[in-house]
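Reading through the structure tokens given below for one structure.
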Amino acid sequence: MAETRQFLYGWHAVEALLQRSPERVLELWLREDRADRRGEALRRLAEAAQLRIQGASGAQLDKLAGEEAHQGVVARVRPQAAWDESRLLDLVEGLSRPPLLLVLDGITDPHNLGACLRSADAAGVDAVIAPRDRAAKLDGAARKVAAGAAEFVPFAAVTNLARTLDALKERGVWLAGLAGEAERALFDADLTGPVALVAGAEGTGLRRLTRERCDYLLRIPMSGHVASLNVSVSVGVALFDAVRQRRGHASKPV
């Protein structure tokens, strides 16, 4: 049965939803003693959306948010319309410029998922793609870390990731996998065309079927003593190198 409600918490996440899609907010709770500027700003957004804010104690908010830090605000929301493979491919085909996509191959930590979504939004990524099973869900914890980005970046949870990657390749998208052991350095790759950056799971990296579908593998050059970066940090580095290249490419004379 499809989920009919979910809870969202954290200032950035709730504010972003009130600004972009207030019709999705079903109920809104604010800690009773919250009388600062941020609380007043949230009240104005709720009033503009004709939403009634319910006062709640810290203990009541703890119960709604579970173990996550809610920062004094919780909303019960209507879930976003799901993005599937068909909708994703329609998006890619409809773009008037080379797409920049992010594929997350089985990231299981919702905090890492949220951080990747935040970087994806900041980098102007067209869509984030992940497998539906054996991967972190876009739940309240991920949305809080995403700091509102989850309400803006299309997120497609697909049934068969390998099939989706094949479909993207058929549409001219190059798949660039991030792998610490790759011979080719990230900064030597051309990321100005239609490309999907593919990041593997925490600790285990890219799965075999995913790795085999990548057109090439890239490593982030490391100069210090640590052997690897957190997956969300790696994603941020790779995305913004793509942004740097694309801006420079766009400014060059034809």
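The values are calculated or read from the model by the stated rules, or taken from the named source; none is laboratory data. Model, not experiment: these values are computed from the prediction. With ideal geometry, Cβ positions are generated from the backbone for all residues, glycine too; neighbour counts draw on all protein chains shown.
Residue by residue, here is whether (1) acidic (Asp, Glu); (2) at pLDDT below 95 holds:
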site: THR204; (1), (2): no, yes
site: ARG208; (1), (2): no, yes
site: ASP215; (1), (2): yes, no
site: MET222; (1), (2): no, yes
site: ALA227; (1), (2): no, yes
site: VAL231; (1), (2): no, yes
site: GLY236; (1), (2): no, no
site: ASP241; (1), (2): yes, no
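Counting the residues of region 169-227 that are among the aliphatic types (A, V, I, L, M) and over 22 Å from ASP126 (Cα atoms) gives 8. The number of residues in region 125-142 being at pLDDT below 95 and either farther than 26 Å from LEU95 by Cα or of a type in the set (Gly, Ala, Ser) (or both) comes to 9. Picking from residues in region 44-88 that are farther than 13 Å from ARG31 by Cα and among the polar types (S, T, N, Q), the one that is surrounded by the most Cβ atoms within 10 Å (Cβ to Cβ) is GLN80.
Scanning region 104-125 for residues that are among the polar types (S, T, N, Q), closer than 17 Å to ALA157 by Cβ and not in a loop (DSSP other than H, G, I, E, B) yields one hit, ASN112.
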